[in-house]
Amino acid sequence: MFREDFSDLNNWEPLTFPKIKNHSIYKVKMDDGGNYLQAASNASASGLIYKNTFNVYDYPRIRWRWMVENVYKKGNAKEKSGDDYPLRIYIIFKYDPDRAGFFESLKYSSAKRIYGEYPPHSALNYIWANRDYKEEIITNTYTDRAEMILLQKGSSNVGKWITEDVNILEDYRKAFGEDPPPIASIAVMNDSDNTGERSVSYLDYIEIYK
């Protein structure tokens, strides 16, 4: 469907959070090997979200290449105080009122009246975890509507370019035990607001495909 090689950030917009004043910094960098995204965090949190959505049933696969300079010493996916990652790829699923049950519809309608739009239905977070956990999937400590897929664990591959290739549908079904809503968006983030640490990470490209 699309491939982002980060020649610029025209297809992306900031993803910020109301209570977090310090934002991570995202820049396009160039060297002899081409372009890439640099994400720098210093006791901060914010991300970039792609401007367009896609249908996960038509395009269920995502491939990317990433690298981190370090992981967080205080990082812990099982505690709110450690819920920071040097790099993560978000798949954010849009709430679909046509698929909702009565109570879910009531909850989301109430939220829409408050915020002016529906909040996301759920999210998959593909993370570079700070520790070597035995689990492959961990529920986010802030919400059970976000599941963390641990692709890299700890510091063994720090400083190396690593290519990932995932199937969104398979991972969502493993994580939530049900089929996902069809429409999703993609975001990237380096955050360290909970740990108060700093890191620099890199993303070479992202490709969504069949």
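The values are calculated or read from the model by the stated rules, or taken from the named source; none is laboratory data. Predicted model only: the values in this text are computed from it and were never measured. Positions of Cβ are generated from backbone atoms using ideal geometry, with glycine treated the same way; all protein chains shown enter the neighbour counts. Surface areas here come from the heavy atoms of the whole protein model, side chains and all, with no ligands, DNA or RNA. Shrake-Rupley method; radii C 1.70, N 1.55, O 1.52, S 1.80 Å.
Worth pointing out:
- Placing one equal scatterer on every Cα of the range 1-91 and applying the Debye formula, the log10 ratio I(q)/I(0) at q = 0.11, 0.22, 0.24 Å⁻¹ is -0.39, -1.34, -1.43.
- Heavy-atom surface of the chain, accessible at 1.4 Å and reported per residue (Å²): 51
- Which label in (1) 10.8; (2) 11.6; (3) 23.2 gives the computed mean projected area of the Cα convex hull in nm²: (2)
- Rounded to the nearest 20 debye, dipole of the chain from Cβ charges on Lys, Arg, Asp, Glu: 460
- Computed extension length for residue 31-residue 133: 33.3 nm, one decimal, from 0.36 nm per residue of separation with the Cα-Cα distance subtracted.
- Surface composition of the chain: carbon and sulfur make up 46 percent of the accessible area, probe 1.4 Å.
- Positive dipole terminus of the chain, leading residue within 90, 23, 185 (C-beta point charges): 23
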